[in-house]
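Everything below concerns the one structure shown next.
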Amino acid sequence: MSLSLYKWATPLVAGAFLLMAATGILMFFHLDTGLNKAAHEWLGWVFVIGAAFHIFSNFPGFKKKMAKPLSIGIAGIFVTLLLLSFIPLEKGGNNGKMIAGAAMNSLASAPISVVAQVTHADPQELLAALNAGGMSISSADMSINDAVGQNPELRMKALSLVFNQK
């Protein structure tokens, strides 16, 4: 089994790495479209499984390489980074992105009548601006999320219309 595993484990890891690298870079620069994020998340499992098979099929060499101080140090750095990634960020303080994101989510979930109060706008004018911008919102009791669902691009477009309609 090891010989046949040896033949396909490395190409599997290489292909999965290319996919993960490309989709990860696209996501980092907010250039991902279509199924990039889903492919990155779900096909990442192929990378993990392929890496496990690759290590298994090359275990004697892997074990020898990982016994060296440099290898132990590099692996230790990444284990430390992994552990640090579990530290929760503050809800307040200097983390403006978290606060802004929470505010945008709250506005997008609120009825248009409430959004109008928050932005000091007339609810009917706000409805007209949103509908003119391509949103399908029939009453001030609906929210932006009711109209656009979980589409982040449309949610941002709707919020831009809310704040630029004056």
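The values are calculated or read from the model by the stated rules, or taken from the named source; none is laboratory data. Everything quoted here is computed from the prediction, not taken from an experiment. Cβ atoms come from the backbone with ideal geometry, glycine included; neighbour counts cover every protein chain shown.
A compact table of results
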| quantity | calculated |
| --- | --- |
| Matching residues, segment 4-21, being within 23 Å of the chain's Cα centre (by Cα) and either within 12 Å of residue 48 (Cβ to Cβ) or not assigned by TED's automatic domain parsing to the domain that holds residue 39 (or both) | 13, 16, 17, 20 |
| Out of 134, 101, sole residue that is under 26 Å from residue 33 (Cβ atoms), surrounded by 11 or more Cβ atoms within 10 Å (Cβ to Cβ), out of contact with any Leu (no Cβ under 8 Å at 6 or more places or on another chain) and modelled with pLDDT under 85 | 101 |
| Any chance residue 114 is surrounded by 14 or more Cβ atoms within 10 Å (Cβ to Cβ), over 19 Å from the mean Cα position of the chain (by Cα) and either within 30 Å of residue 143 (Cα to Cα) or not aliphatic (A, V, I, L, M) (or both) | yes |
| Spans of helices (runs of 4 or more DSSP H) in segment 50-166 with at least 2 residues outside the structural domain of residue 11 (by TED's automatic domain parsing) | 69-84, 96-109, 112-118, 123-132, 144-148, 152-164 |
| Residue 51 touching a residue at least 12 places away in the same chain (Cβ under 8 Å), hydrophobic (A, V, I, L, M, F, W, C), surrounded by 14 or more Cβ atoms within 10 Å (Cβ to Cβ) and over 30 Å from residue 151 (Cβ atoms) | yes |
| Meets criteria (at pLDDT 95 or above, out of contact with any strand residue (DSSP E or B) (no Cβ under 8 Å at 6 or more places or on another chain) and either charged (D, E, K, R) or not assigned by TED's automatic domain parsing to the domain that holds residue 151 (or both)) for residue 34 | no |
